[in-house]
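The values are calculated or read from the model by the stated rules, or taken from the named source; none is laboratory data. What you see is a predicted model, and the numbers here were worked out from it, not measured in a lab. Note that we place each Cβ from the backbone using ideal geometry, even for glycine, and neighbour counts take in every protein chain shown.
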Protein chains: 6
Amino acid sequence: MSTLGIVKRNIVRADAAAVEKLGRFGVATIHEAMGRVGLMKPYMRPVYRGARICGTAVTVLLQPGDNWMMHVAAEQIQAGDVVVAACTSENEDGFFGDLLATSFQARGARGLVIDGGVRDVDELERMGFPVFSKAIHAKGTIKATLGSVNIAVVCAGAIVNPGDVVVADVDGVVVVPAALAQAVADAAEKRESFEGEKRAKLAAGVLGLDMYKMREPLAAAGLKYID
Amino acid sequence: MSTLGIVKRNIVRADAAAVEKLGRFGVATIHEAMGRVGLMKPYMRPVYRGARICGTAVTVLLQPGDNWMMHVAAEQIQAGDVVVAACTSENEDGFFGDLLATSFQARGARGLVIDGGVRDVDELERMGFPVFSKAIHAKGTIKATLGSVNIAVVCAGAIVNPGDVVVADVDGVVVVPAALAQAVADAAEKRESFEGEKRAKLAAGVLGLDMYKMREPLAAAGLKYID
Amino acid sequence: MSTLGIVKRNIVRADAAAVEKLGRFGVATIHEAMGRVGLMKPYMRPVYRGARICGTAVTVLLQPGDNWMMHVAAEQIQAGDVVVAACTSENEDGFFGDLLATSFQARGARGLVIDGGVRDVDELERMGFPVFSKAIHAKGTIKATLGSVNIAVVCAGAIVNPGDVVVADVDGVVVVPAALAQAVADAAEKRESFEGEKRAKLAAGVLGLDMYKMREPLAAAGLKYID
Amino acid sequence: MSTLGIVKRNIVRADAAAVEKLGRFGVATIHEAMGRVGLMKPYMRPVYRGARICGTAVTVLLQPGDNWMMHVAAEQIQAGDVVVAACTSENEDGFFGDLLATSFQARGARGLVIDGGVRDVDELERMGFPVFSKAIHAKGTIKATLGSVNIAVVCAGAIVNPGDVVVADVDGVVVVPAALAQAVADAAEKRESFEGEKRAKLAAGVLGLDMYKMREPLAAAGLKYID
Amino acid sequence: MSTLGIVKRNIVRADAAAVEKLGRFGVATIHEAMGRVGLMKPYMRPVYRGARICGTAVTVLLQPGDNWMMHVAAEQIQAGDVVVAACTSENEDGFFGDLLATSFQARGARGLVIDGGVRDVDELERMGFPVFSKAIHAKGTIKATLGSVNIAVVCAGAIVNPGDVVVADVDGVVVVPAALAQAVADAAEKRESFEGEKRAKLAAGVLGLDMYKMREPLAAAGLKYID
Amino acid sequence: MSTLGIVKRNIVRADAAAVEKLGRFGVATIHEAMGRVGLMKPYMRPVYRGARICGTAVTVLLQPGDNWMMHVAAEQIQAGDVVVAACTSENEDGFFGDLLATSFQARGARGLVIDGGVRDVDELERMGFPVFSKAIHAKGTIKATLGSVNIAVVCAGAIVNPGDVVVADVDGVVVVPAALAQAVADAAEKRESFEGEKRAKLAAGVLGLDMYKMREPLAAAGLKYID
């Protein structure tokens, strides 16, 4: 009955072309293109400056202080995947370091998003293996209890299903359901195409008040100017 | 494409008898019966002493500082439901007070579980309307932006689907998927029946070390007794 | 040049009748009557169940780990005052206990609101001296550094001027500027008079959707009902 | 080399009479009598109202998500002991519930102080088994990894050695080194004897400013009264 | 009666020469020169390395999840201003990104200090638009509810009046009341001139104990040296 | 009776050769070599990128908002020491800046580890004086109350005795008891020598599942693969 102790081998990954296209946009743009949903909480931060990820999710559910399932997950990684690790309770132990990163990278993983801690951060940067985590912590873990691989997980407040697209940059981490990948990529493209014109106007000194025609609704809402 | 702006009217609620049976067990027991999954984070606390809830979830996704969807949710409540409210970002405003509680109670709701703030706590206690929340906050909210009702939400780290069973007591809040309600209730019953015997032995001074036969595995793990 | 080391003796307290009138309303109602401003952050909690305060502020600015100014403040207390204590940096030491409470009570104080820690909580409850604080902590403090009394302070995110009305109940703490006390009390009264009627309708099963005429604006905003 | 995997059987407990004497004073008084040291952090709170503990420490070092060592500790408990549980990393899982409480109580334990979570809180209250913890959480734990029993631990920021006296009440938790128990108890007694007189004076309206002769040092520090 | 829905157009900015002079000192020095007051809480951090701001405050009071007022504020910006944004409740949504930064920069703003979240951090760095914030979060906001512009606000625990000088660097953010700008700048200059000599002595191995003549007061306070 | 007001002059420092050897390993490796104990909590972070420390501890116990004891500690520093500062209560004031750093550096200190705040961070980086702290905060402190130097302290959850080895890098801070320094250094060396071979295998695509022979225990624990 439990959702623990399961590894799902065959998962449906988002369309590769859609993933690549999503990789061209920032997290803020993608989240807006989805209608302002899909973000992880802002405590998820890159462990080194400049880290950026876009790929399809292999999900892992960990137990506190135990990274056994990370090794199970490694075997399920295909080129272009991102490992997304959640935990059954809040725990900032260092579930992941340079050895696992070496293994994940050898399997073709593009990075790790983990609702917990990681270590060997300098080595991760040298390897160019991007990680977004809740904490950096040298604390080691054991290998004793089952979790699961490739089930639906909640990572930093967001639901992630295996195969979803995960995009991470300095602004945060966003999850795009696999079935929506192409549509969201198209919407992001359209959204971005509008931004250049807006930016030029604002740079020229045009006010958002006028560009977005806000003066009338602000007055209707009761805004009062005083001297 | 967005999951916002949607109200699902027909949801499949967990079997009523299974819900009632689950209501006889504590949250800790149910969570163990599920294989140690399904709990919300421990920051979710009852707003008054003795609050306890068991019912089927009507879910709401709120926007920060905005409780418009709570009114939309009220119409979807049936007798025996629990409203489970999530928010698109972390926010502790007082989304809920005695007027909404009056409305929810009139519709047959058994309580509210909200990943945000509530107010009018004294009145909620007088009404006997149990609430589990992240915060108590007098801060009022507006009614301006769409969220959704009866979509899958993440509330305090747990996935809640409309119709799932939600049980809350002093130990926390647990979510039982609708399809598993009967099986979990049965497993909880079995689990509890074993506990009485254990309790009697422990009360008589038998050690868990002996009752659970732990001495050998502890020695195997390397435990050393020193004087 | 510094605002430290100052005690202002003559402060303008809010009108006594307005203060008494404000005391009849809950914090949530008063905050709504002010236009949804004036609340302290929700981490401010009563140290015992049932604590409630309404009075005029004598303000204190403390230094971390130092309660010297509390003794200076005691002399400035008049009957009906509430001491509101802020600190120059975040600190949860126990700045206040039963001896100071005895002194404050003897001077006519109605309670304490402190952005820090307090101790002797059982004794405070026995004395009936209500306190709202950030923390309960037995840690004692020293008497070595100057702060100020009766200057404008920021307490738990709210600006408090000496003489302002401070109301605290289970829902939180609200600050009403002295000059607005009567107007806010009147607005709170009006607001509450409307609530009875609404409550009756909601209790009878009328939906907020209909009572507040929300169906049309919801549809205009794009809300979709699905089955 | 590691301090894990050890159980120390013979510990030197503080003198029984000193422990009983310490039990007559509040945590704030004891901490002052020690020179303002020895307190745990203020996030340690009683899990039910009125909980109070005084006894000699049996210490436990737990691993995150694992309560195996609690069973090992049970055997080391003697009448009058308090179990003090620390964890190798921050973790709020429910390490302790009514079954372990039954066992601890049967062994003569006076309570539990744990830098983690506990569950079955209603049952703990019914049993009259006092617990001070960082969290209440229904989350169950496993029994797989060694920690230690009766080594020096850091619990909520305080060093606790086995045999030390631990006193807990609504104001917090204080640790008195075994060797200092009698001296601290005597100092607490002396301190308390002074308080009655002070309280009477303050209740009569005498200001701390005068009773403690603060006016001169305040003026020397530069305090200015303005109107 | 409410302080919401107001835009004050004519504000008195601190003297320009005093602002420029303050810009030559670090936040720690300015805060000391003010008598150790005026700092925001330490959770306010630069969003990119090397960010530094000094200018006069245009203040904004936002609603949670709503950045409408940022557009209203843009029109009030004059060259040399810093926008200081507070929120009516705690909220880490991304109220500000590269488009608003383009507009603010075009109006002559020197930066933003916001008690909330921002996004497009890489672009902000490329633009050289310094921002100090509580969080980085891609979460977008709506434009639906009135706040205010150029009223007194509490930002990260500090009172900011429009026209005050705001200085931000790696050590934090300090607010200098407009009327004190020149005096504080002079005091900061004097303070800094003393530091060079002290630094040279300390670098040469002179102890602070001797340089500040601390040995006697330490002995008087009871400090004991043991071997 | 109190542990405050004491300076211990003669402390036993860890063997210099062992300290130098420990300096060649990362914090994660050393912590593993100790059996996964000895780490400070992960909120301790370097104040500038690339900071790294290895040396013997001179310990300081501070009072909140007071850095008097830092000056007392300066005199006890010998070449190769690291100052480890704890505080009697949680406080993030800026206890340390460039002047004290100049003094510490002149005495031969290799860095500072402080469970509190520091300031002048840019200058610390220019000086090459590494600091690991809980916070960066410009807030100045006073010099009024005694703490102690070279007593056992709890810093960020870890017990530190004077003379212990403290190693800090991007992954955190670890404390090695002086008596274990050589043995831990040797164990770290051995551990690291094994890692190269493992890394090569993993880089070649060998799975941890096979390299660590996990498949059998995973199956025994009940792991199920589904398609």
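In the range D:48-61, is there at least one residue being under 13 Å from D:Val175 (Cβ atoms), touching a Phe, Trp or Tyr at 6+ places or on another chain (Cβ under 7 Å), at pLDDT 95 or above and within 14 Å of chain F (Cβ to nearest Cβ)?
No, every residue in the range D:48-61 fails to be under 13 Å from D:Val175 (Cβ atoms), touching a Phe, Trp or Tyr at 6+ places or on another chain (Cβ under 7 Å), at pLDDT 95 or above and within 14 Å of chain F (Cβ to nearest Cβ).
Can you tell me which condition C:Leu4 does not meet? The list is (1) under 30 Å from B:Lys134 (Cβ atoms); (2) over 17 Å from the mean Cα position of the chain (by Cα), and all the others hold.
Result: C:Leu4 passes all but (1).
May I ask you to list pairs of residues, at least six apart or on different chains, whose Cβ atoms are under 6 Å apart, with the first in the range E:117-133 being touching a residue at least 60 places away in the same chain (Cβ under 8 Å) and the second being in a helix (DSSP H, G or I)?
Hits for this filter: E:Leu124/E:Ala101; E:Val131/E:Leu124.
List the number of the failed condition for E:Ile159; all other conditions in (1) more than 7 Å from every other protein chain (Cβ to nearest Cβ); (2) under 24 Å from C:Ala158 (Cβ atoms); (3) part of a strand (DSSP E or B) hold.
Here E:Ile159 clears every test but (1).
Could you list, in sequence order, the residues of the range F:1-24 that are under 19 Å from F:Val160 (Cβ atoms) and more than 7 Å from every other protein chain (Cβ to nearest Cβ)?
Selection gives F:Ile11, F:Val12, F:Arg13, F:Ala14, F:Asp15, F:Ala16, F:Ala18, F:Val19, F:Leu22, F:Gly23.
How many of the residues in the range A:118-133 are outside any helix (DSSP H, G or I) and not acidic (Asp, Glu)?
So the answer is 8.
For the range D:134-145, how many residues meet the condition of being touching a Phe, Trp or Tyr at 6+ places or on another chain (Cβ under 7 Å) and either farther than 28 Å from A:Ser89 by Cβ or part of a loop (DSSP other than H, G, I, E, B) (or both)?
Going through the range D:134-145 one residue at a time, the tally reaches 4.
Return a yes/no flag: does the range B:73-81 have any residue that is touching a Phe, Trp or Tyr at 6+ places or on another chain (Cβ under 6 Å), of a type in the set (S, T, N, Q) and part of a loop (DSSP other than H, G, I, E, B).
So far as the range B:73-81 goes, no, none of its residues is touching a Phe, Trp or Tyr at 6+ places or on another chain (Cβ under 6 Å), of a type in the set (S, T, N, Q) and part of a loop (DSSP other than H, G, I, E, B).
To keep it simple, each residue is scored yes or no on (1) among the hydrophobic types (A, V, I, L, M, F, W, C); (2) within 28 Å of B:Gly50 (Cβ to Cβ).
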| residue | (1), (2) |
| --- | --- |
| C:Leu4 | yes, no |
| C:Arg13 | no, no |
| C:Leu39 | yes, yes |
| C:Ala51 | yes, yes |
| C:Leu61 | yes, no |
| C:Asn67 | no, no |
| C:Ile77 | yes, no |
| C:Gly80 | no, no |
| C:Val83 | yes, no |
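Tally up the residues in the range C:93-117 that are facing another protein chain (nearest Cβ under 9 Å), among the aliphatic types (A, V, I, L, M) and not in a helix (DSSP H, G or I), please.
0
When C:Lys139 is evaluated against the numbered criteria (1) more than 29 Å from D:Ala28 (Cβ to Cβ); (2) within 9 Å of another protein chain (Cβ to nearest Cβ), which criterion, by number, is the only one it fails?
(1)
How about the range A:165-227: which helices (runs of 4 or more DSSP H) wholly inside it have at least 3 residues that are charged (D, E, K, R)?
Where helices (runs of 4 or more DSSP H) fall fully within the range A:165-227 and carry at least 3 residues being charged (D, E, K, R), they are A:181-203.
Looking at F:Glu90 and the list (1) closer than 16 Å to E:Ala203 by Cα; (2) free of Cβ contacts under 8 Å to residues at least 40 places away in the same chain; (3) surrounded by fewer than 23 Cβ atoms within 10 Å (Cβ to Cβ), which single condition is not satisfied?
Among (1) closer than 16 Å to E:Ala203 by Cα; (2) free of Cβ contacts under 8 Å to residues at least 40 places away in the same chain; (3) surrounded by fewer than 23 Cβ atoms within 10 Å (Cβ to Cβ), F:Glu90 violates only (1).
Can you tell me which condition B:Glu90 does not meet? The list is (1) over 17 Å from the mean Cα position of the chain (by Cα); (2) among the acidic types (Asp, Glu); (3) farther than 20 Å from C:Val37 by Cα, and all the others hold.
All conditions are met except number (3).
Report whether or not B:Ala57 is part of a helix (DSSP H, G or I) and not aromatic (Phe, Trp, Tyr).
no
Give the residue that is nearest to the other protein chains (Cβ to nearest Cβ), with candidates limited to residues of the range E:25-36 that are more than 9 Å from E:Val174 (Cβ to Cβ) and in a loop (DSSP other than H, G, I, E, B).
Out of the qualifying residues, it is E:Gly35.
Considering each residue of the range D:62-85, count those that are away from chain A (no Cβ under 14 Å) and under 26 Å from A:Leu62 (Cβ atoms), and give that number.
Here the count works out to 4.
Within the range D:65-79, which residues are of a type outside the set (D, E, K, R) and closer than 27 Å to A:Thr145 by Cα?
Scanning the range D:65-79 gives D:Gly65, D:Asn67, D:Trp68, D:Met69, D:Met70, D:His71, D:Val72, D:Ala73, D:Ala74.
Pull up the range A:60-80, narrow it to residues that are more than 15 Å from F:Leu209 (Cβ to Cβ) and in contact (Cβ under 8 Å) with a residue 60 or more places away in the chain, then point me to the one that is surrounded by the most Cβ atoms within 10 Å (Cβ to Cβ).
Going through the qualifying residues, I end up with A:Gly65.
How many residues does the range F:103-118 hold that are more than 19 Å from the chain's Cα centre (by Cα) and surrounded by 24 or more Cβ atoms within 10 Å (Cβ to Cβ)?
Residues meeting the conditions: 1.
Scan the range E:37-47 residue by residue and report those that are at the interface with chain C (Cβ under 9 Å from one of its Cβ atoms) and hydrophobic (A, V, I, L, M, F, W, C).
Hits for the range E:37-47 are E:Val37, E:Leu39.
Can you name the residue in the range A:155-204 that is of a type in the set (A, V, I, L, M), farther than 16 Å from A:Arg13 by Cβ and under 12 Å from the mean Cα position of the chain (by Cα) and, of all such residues, is surrounded by the most Cβ atoms within 10 Å (Cβ to Cβ)?
A:Val174
Looking at the structure I just gave you, is D:Thr88 more than 9 Å from chain B (Cβ to nearest Cβ) and hydroxyl-bearing (Ser, Thr, Tyr)?
Yes, satisfied.
Only one of these is among the aliphatic types (A, V, I, L, M) and under 22 Å from E:Met40 (Cβ atoms): F:Ile77, F:Ile114. Name it.
Among F:Ile77, F:Ile114, only F:Ile114 is among the aliphatic types (A, V, I, L, M) and under 22 Å from E:Met40 (Cβ atoms).
Kindly list the number of the only condition in (1) closer than 30 Å to B:Leu209 by Cα; (2) at the interface with another protein chain (Cβ under 7 Å from one of its Cβ atoms) that fails for D:Val153.
(2)
How many residues, within the range E:160-198, are in contact with a Pro (Cβ under 9 Å, 6 or more places away or on another chain) and hydrophobic (A, V, I, L, M, F, W, C)?
Going through the range E:160-198 one residue at a time, the tally reaches 5.
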